[in-house]
């Protein structure tokens, strides 16, 4: 069983409208609030060599990225920490605080508990005008498929390409870009933290009547990585917090957004790379069913 | 180092106004939102014998109780689960969903991850009109000290008094009571989940210029428990989600709230039981500093 199978079980209880996007969307007076929570563990989510400050920064960044991917403004963040050693809390809190400050968000509270393995859960709340929310659902045949930045850099950092280390451990969520993409009227958006390939399949799930065709020659690759490995990382590497979005051709380019067109939405369901079915793999949590 | 010492370190970074209450309070259009997150672990927070459904219920209830303790209405809940086995998610989600339904809250999303020890983090968002928020700060000398329900029942359940088992594992947050207490203009409020004694000391911390004097003869005790043990549990037992509040004498009693007066706020700082300093102990997480 993987993340996406578990999610289907949750959707059966709370409704699939709430589980399709990076954030839940609720109405509060004249605005929409977007709500998201992320759980990270030391052994699976924080590469060896990170400082506590960087762990705090990354924990805040992943949640702020989810908010950015809805076109929303991050407002408030809560941080719950299961600590192996109490003295780590100060560094983690300082890192999360710095990331919040950088992106205009306020760290307003949290909870602590003792835990054998460091566990950090961040919950973020953003706000957006109802007509500016961008969801995963909404792609139309003929739309461009676009993404910000360079896919694969974070995984390249994990694989020892030192110039990409900070992309991995101090990710920069695309907050201003997400808002600009929302203002421009993009038809669908998400972040690519599980990798570009899986993200395209997530868009396919949310938009079953269209298809997603990308071209390898249009994909940017992490600098300093041999071409074949670069393509592999760009398609299947995790840990990037770039934005993947679709928009009508007349809405592109978008002022202030460093993005590239990587393909097009078609009227034939399927996720294709250069005309062939793209392999469905990337970063997925797996559970052992019996132990 | 304990919870409260760690919290002081966090307050130095994010500001003490945000760490004093059960929830952070932020402004959203005409309303206040209250935000809170709680982390629970199987070995330390869920008594042996609980079902996954009850684990989900309890996880939602502790967060809803924090919202109730501000006089607010619970609106939305997010649930992050670190799962030892993926198949537990369905039961946990169903229990949390049921608790949300019971108290008018919506379970709108979450996150999952694999973890050796089951870890559940719930984040709740409530709403309240600005003039109805009740904080920990605000007690005035001459106010009554009051609490809902019977302190010590949850811990009695843990100690084998079977009639109190469900108070322990399926706690009922005092949502309607919290709102009524807020409407009545109470001067301060919190829930007593760490025990009555520690909660009184938390009120003392938030209100350093007044004191809290309670009387043992005024305290209700868990039914079926010998008197001395009952007093011990009522003062120092954890896991109750009753509300502790102070209010001016002319505001009491409050329609629809099953509460008792247990003492009075004085102009002399200190927490006293029958005229003697009350021992400062209860449910506290403790960290091992070196291992």
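Each reported figure results from applying straightforward, stated rules to the coordinates on display, with no laboratory input. Source: prediction; values computed, not measured. Cβ coordinates were reconstructed from backbone atoms using ideal geometry, including for glycine residues, and neighbour counts include every protein chain displayed.
Numbers for the structure displayed
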quantity: Tilt relative to chain A, helix A:88-102 - C-alpha long axis, 0 to 90 degrees, to 10; calculated: 40 degrees
quantity: Alpha carbon convex hull of the protein assembly as shown, volume per residue in cubic angstrom; calculated: 145 Å³
quantity: Ranked by how many other beta carbons lie within 10 Å on average, peptides B:32-39, B:84-91 from highest; calculated: B:32-39, B:84-91
quantity: Computed helical MRE - 222 nm, chain B, DSSP H runs ≥ 4 contributing -39500 (n - 2.57), nearest 500; calculated: -9000 deg cm²/dmol
quantity: Inter-copy separations for residue B:15, label at 7 Å along Cα-Cβ, nm, ascending; calculated: 3.4
quantity: Sequence-separation-based contact order of the range A:55-148, relative, with Cα cut under 8 Å and 6+ spacing, percent; calculated: 41 percent
quantity: Average beta carbon contacts from partner chains per residue of A:93-103, 10 Å cutoff; calculated: 2
quantity: Proxy reagent accessibility, fewest Cβ within 10 Å first, across B:50, B:58; calculated: B:50, B:58
quantity: Base-10 log of normalised Debye intensity for the range A:134-277 (one unit scatterer per alpha-carbon) at q = 0.13, 0.19 Å⁻¹; calculated: -0.51, -1.08
quantity: Relative contact order computed over chain A (Cα-Cα under 8 Å; 6+ residues apart), in percent; calculated: 23 percent
quantity: Using alpha-carbon coordinates, inclination of helix A:196-206 to the longest axis of chain A, degrees; calculated: 70 degrees
quantity: Over the range B:179-291, relative contact order from alpha-carbon pairs under 8 Å, at least 6 apart, %; calculated: 44 percent
quantity: Kirkwood hydrodynamic radius over Cα pairs of the range A:23-131, then Stokes diffusion coefficient at 25 °C and 0.890 mPa s, in µm²/s; calculated: 176 µm²/s
quantity: Cα centroid separation, the range B:85-127 to the range A:38-99 (Å); calculated: 21 Å
quantity: Alpha-carbon radius of gyration plus Dmax, which is the widest Cα pair, for chain A in Å; calculated: 18.4, 55
quantity: Share antiparallel - DSSP beta bridges, the protein assembly as shown, percent rounded to 5; calculated: 80 percent
quantity: Across the identical copies, how the residue A:208 labels are spaced - nm, sorted shortest first, 7 Å along Cα→Cβ; calculated: 6.2
quantity: Between 0 and 90°, nearest 10: helix B:227-236 axis offset from chain B longest Cα axis; calculated: 70 degrees
quantity: Among B:198, B:144, B:272: highest mean-square fluctuation, GNM of chain B, C-alpha pairs under 10 Å; calculated: B:272
quantity: Gaussian network model of chain A, Cα within-10 Å springs - most flexible of A:139, A:193, A:216; calculated: A:216
quantity: Label point 7 Å beyond Cα along the C-beta direction, distances from residue A:220 to other copies (nm, shortest first); calculated: 6.3
quantity: DSSP bridge orientation in chain A - percent antiparallel, rounded to nearest 5; calculated: 80 percent
